[in-house]
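Quick one: this structure, given as structure tokens, is what I'll be asking you about.
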Amino acid sequence: MATSRLWLVARYEYLKAVRRRTFLLMTLGLPVLIVGVMAIAIATTERAGAEGDVGYVDLAGIVSTPSPVAGLLPYPSDDGARSALEAGGIEGYYVIPEDYLVGGKVELFFLSRSPSDRMQQAFADFLSQQLVAGLSPEEQERVLGGPGQVVSQQLGKEAQSEPASVVRFLLPVAVGFLFVFAVMSSAGYLLQAVTDEKENRTIEVMATSLTARQLMVGKSLGLIGIALTQVLVWAVMAVAALVIAGNYFEPLRNLSVPWAFLGVTALFFIPAFVLEGGIMVAIGAAVADLRQGQQISGFLQFLFLLPVFFFALVLTNPDSVLLVLLTLFPPTSFFTIALRWGATAIPWWQVALAWALLVASAVAVLQVAPRVFRRGMLRYGQHMRLSGLLEAARSRG
């Protein structure tokens, strides 16, 4: 019976929140905005140059075989290529100078618009293949593929085998921002729900059939459901966007999934939401109205975002004592880990200890918040003083 009531509260809070226009705007508006920006970037890339045939003049004598790419045409002289350009037969042409192998620069000529990025990349790949034509297939693959995967290892730390790239650094940062944003927005719904019910005295009716713990846990479960909905929508949109963008942006094509980081995210998800959700419920019950609650909760939101102010330190010294302390401090633990993840090899003992402290804090909030909630929910138009909060937190009844 008690469990069914608890789920009724969770269902009510969830449905009430997801039907809000603000929820729909934040849940769907953010990914739509990101997709729109990416679409504009892709369209700009596609239309950045003129799509058409491109010629080349090899004065250095390094081209031994014709290009397999359709639209990449050889010309014997500069004059011939220029005539084709002026006649509209090609969109532009390259000239490989005689001294190219000793430092000469390749020149690109066009009339109004340069050739498309696709054709420019095709010529660059073709020229690279000609330069290594005398090597064995294995040597060609090694030279054209660059240095390959770089394994970075800090002494005393576990080796990282993933490529050290900008994309790899930014992905955990983006996940961290979305995680914190989901926590704060969902907790904001919960704070507003509690203060509204206290102001219109609905909570007094609910208190006749539910205990304070059932109310608080039910509301917290609703909060977790709200956040999960947001995260799942964002995750689906993000995966789709990365798959599409990978066809246009080279760094995204071979992007490896950071499974270890996603596992850490899953571990921190529920305790982080329980921690802030419980605090928000207690704040909502302790204050006189929503305005006062928002003022107090603003400080809590600041704590969750505190690692952002040390982003420069993350880039220069990700293993500093301050960042380690922020990693172990429950309100900032996950966000700090997300910022540091791509910049250094975080020792697993720090991640494990941070998670243990976060879980312990969430359990403590589950013990204390219902006591504050019980004392404050029936104080219509009144707020609890600090002494009252401390007394409620120490109470056992």
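Conditions (1) in contact with a helix residue (DSSP H, G or I) (Cβ under 7 Å, 6 or more places away or on another chain); (2) crowded, with 18+ Cβ neighbours inside 10 Å; (3) in a helix (DSSP H, G or I); (4) not small (Gly, Ala, Ser), marked per residue:
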residue	(1), (2), (3), (4)
Ala266	no, no, yes, no
Pro271	yes, yes, yes, yes
Gly278	yes, yes, yes, no
Gly284	yes, yes, yes, no
Phe299	no, no, yes, yes
Pro307	yes, yes, yes, yes
Phe311	yes, no, yes, yes
Val314	yes, yes, yes, yes
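In the set Ala266, Ala364, Ala260, which member is more than 19 Å from the chain's Cα centre (by Cα) and either assigned by TED's automatic domain parsing to the domain that holds Lys219 or on the phi > 0 side of the Ramachandran plot (or both)? First the steps, then the outcome.
Numbers: Ala266 fails: more than 19 Å from the chain's Cα centre (by Cα); Ala260 fails: more than 19 Å from the chain's Cα centre (by Cα).
That would be Ala364, the only listed residue that is more than 19 Å from the chain's Cα centre (by Cα) and either assigned by TED's automatic domain parsing to the domain that holds Lys219 or on the phi > 0 side of the Ramachandran plot (or both).
Scan Leu59, Leu33, Leu15 and give me the residue that is within 30 Å of Ala238 (Cα to Cα), out of contact with any Phe, Trp or Tyr (no Cβ under 7 Å at 6 or more places or on another chain), among the aliphatic types (A, V, I, L, M) and at pLDDT 85 or above. Let's see the steps before the verdict.
Details: Leu59 fails: within 30 Å of Ala238 (Cα to Cα); Leu33 fails: at pLDDT 85 or above.
Answer to the selection: Leu15.
Are any residues in segment 176-194 over 17 Å from Phe299 (Cβ atoms) and crowded, with 22+ Cβ neighbours inside 10 Å, and if so, which ones?
Hits for segment 176-194 are Gly176, Phe179, Ala182, Ser186, Tyr189, Ala193, Val194.
Please go through segment 53-86 and pick out each residue that is part of a helix (DSSP H, G or I) and either crowded, with 19+ Cβ neighbours inside 10 Å or β-branched (Val, Ile, Thr) (or both). Before the answer, list the steps.
Within segment 53-86, the first condition is being part of a helix (DSSP H, G or I), and the residues that meet it are 78-86.
The answer is Ala81, Leu85.
To continue, here is another question. What is the number of the single condition among (1) loosely packed, with under 15 Cβ neighbours inside 10 Å; (2) modelled with pLDDT of 90 or more that Val359 does not meet?
Condition not satisfied by Val359: (1).
Does Arg113 satisfy the criteria of being modelled with pLDDT under 85 and either surrounded by fewer than 18 Cβ atoms within 10 Å (Cβ to Cβ) or over 45 Å from the mean Cα position of the chain (by Cα) (or both)?
Spelling it out, Arg113 is indeed modelled with pLDDT under 85 and either surrounded by fewer than 18 Cβ atoms within 10 Å (Cβ to Cβ) or over 45 Å from the mean Cα position of the chain (by Cα) (or both).
Of the residues Arg340, Arg371, which single one is of a type in the set (Lys, Arg), modelled with pLDDT of 90 or more and part of a helix (DSSP H, G or I)? Explain how you work it out, then say what you get.
On the way: Arg371 fails: modelled with pLDDT of 90 or more.
After applying the criteria, what remains is Arg340.
Kindly indicate whether any position in segment 163-171 is surrounded by fewer than 18 Cβ atoms within 10 Å (Cβ to Cβ) and either acidic (Asp, Glu) or at pLDDT 75 or above (or both).
Yes, segment 163-171 has at least one match.
Looking at segment 316-356, which of the residues that are among the β-branched types (Val, Ile, Thr) and within 21 Å of Ser297 (Cα to Cα) is surrounded by the fewest Cβ atoms within 10 Å (Cβ to Cβ)? Walk me through it before giving the result.
At the first step, the residues of segment 316-356 found to be among the β-branched types (Val, Ile, Thr) are 316, 321, 324, 327, 332, 336-337, 344, 346, 351.
If we keep only those that are within 21 Å of Ser297 (Cα to Cα) as well, we get 332, 336.
Numbers: Thr332: 23, Thr336: 28.
Among residues in segment 316-356 that are among the β-branched types (Val, Ile, Thr) and within 21 Å of Ser297 (Cα to Cα), the one surrounded by the fewest Cβ atoms within 10 Å (Cβ to Cβ) is Thr332.
The values are calculated or read from the model by the stated rules, or taken from the named source; none is laboratory data. Source: prediction; values computed, not measured. No Cβ is skipped: glycine too gets one built from the backbone with ideal geometry, and neighbour counts run over all protein chains shown.
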